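J.: I have a structure here, written as C-alpha cells, and I will follow up with some questions on it.
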Amino acid sequence: MKVAIGQINTTSADVEGNLCKAERCVERAAGAGADLLVLPQYALSGWMPGALAREPSFVRRQQEGLGRLVQLSRRVAVAVGHVDPQGGGSAVSLLVDGRVADQRGGARSLPLCGAAVSLTLGGPPARSDADLAVCLCSEPFRYGEGARRERAWREAAADFGVPLITNIQLAKRIAESFAKKRPGDLIPRAWQDYA
C-alpha cells in the first residue's frame with residue numbers, strides 16, 4: 001500500500017481555502033499512485049475550530065467541503081479529520097470510491113487495499129487486528145503532551161507489530177533530518193510552499 005501524507009497548513013475557519021489545499025493534496029497523491037492520502041485533524045475547519053464547531057452554518061460548510069472530498073476519493077482513498085457534525089468534537093472519516101466508508105471518533109480497523117487500517121485521532125494508535133496504524137491527531141506537540149503520546153503510540157504499535165504513521169510526526173522528522181536547527185524551531189510546511 002502506498003500512503004501519501006498531506007501535511008497542509010490550515011487556516012482556522014477558512015473551510016474553502018483549506019479545502020483547496022486538501023484538493024491539491026488529493027491530486028498530487030493520486031498522480032503519485034498513492035492508495036491512501038492522510039490529511040490532518042481539522043483539515044477543513046482549521047485548527048482549532050472552538051465555538052465554530054457548534055455553529056450550524058459553519059458545520060454545514062465543512063460538511064459540503066467533506067462532500068467534495070468524498071467525490072475526489074474516487075481517485076485515491078482519503079483519511080481526513082474534521083468537526084463531528086453530530087456533536088462538535090473531533091471525528092475522522094475514511095473516504096473510499098466516492099463514499100464515506102467510515103466516520104467516527106475512535107479507533108477501529110477498516111479494510112483498504114487488502115489490508116486492515118486502524119485510524120485514530122489520538123486514542124489507541126493500533127489494534128491487534130490492524131496491518132497499519134494511522135493517527136491524524138494534531139495535538140501531540142501542544143500542551144506538553146508530545147513525548148508522552150508519542151511514546152504511548154510507539155509502544156502500542158510495537159506491541160501489536162504494526163507500522164505507525166502520524167502525519168505531524170512524519171513531517172517533523174523529515175524536517176529534522178534536513179535541518180541543523182533544534183526540533184522546536186522547525187515548522188512543517190505544506191507541499192505547495194516548496195513549489
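Read-outs throughout are calculated quantities, based only on the coordinates presented, and are distinct from any laboratory measurement. Given the structure is predicted, the values throughout are model-derived calculations rather than measurements. Every residue, glycine as well, gets a Cβ built from its backbone with ideal geometry; the counts of neighbours run over all protein chains shown.
J.: If each of Gln86 and Cys113 carries a label point 7 Å out from its Cα toward its Cβ, how far apart are those two points in nm?
T.: That separation, rounded to one decimal, is 2.9 nm.
J.: Same structure again: For Gln41, what residues show an amide H to amide H distance below 5 Å, using hydrogens built from the backbone and excluding near sequence neighbours?
T.: Gly81, Ser138
J.: By average Cβ neighbour count within 10 Å, what is the ranking of 67-79, 49-61 from highest down? Mind showing how you got there, number by number?
T.: Numbers: 67-79: 19.5, 49-61: 15.0.
Packing order, densest peptide first, comes out as 67-79, 49-61.
J.: What is the calculated FRET efficiency for Cys20 to Arg60, with r their C-beta to C-beta distance and R₀ = 22 Å, to the nearest 0.05? Mind dumping the intermediate values first?
T.: On the way: r = 18 Å, r/R0 = 0.83.
That gives a FRET efficiency of 0.75.
J.: Then there is this: What is the packing order of peptides 32-38, 9-15, 80-86, taking the mean over residues of other C-beta atoms within 10 Å and listing the highest first? Walk me through the intermediate numbers first.
T.: Values: 32-38: 20.0, 9-15: 17.3, 80-86: 21.9.
Taking the mean over residues of other Cβ atoms within 10 Å, the ranking is 80-86, 32-38, 9-15.
J.: Let me ask another. What's the extension gain from Ala158 to Asp97 if we count 0.36 nm per residue and subtract their Cα-Cα distance?
T.: Values: separation 61, 0.36 × 61 = 21.96 nm, distance 3.11 nm.
Extending this stretch completely gives an extra 18.9 nm.
J.: Next question, about the same structure. How far is it, in nm, from the label point at Asn9 to the one at Met48 when both lie 7 Å from their Cα along the line to the Cβ?
T.: 2.1
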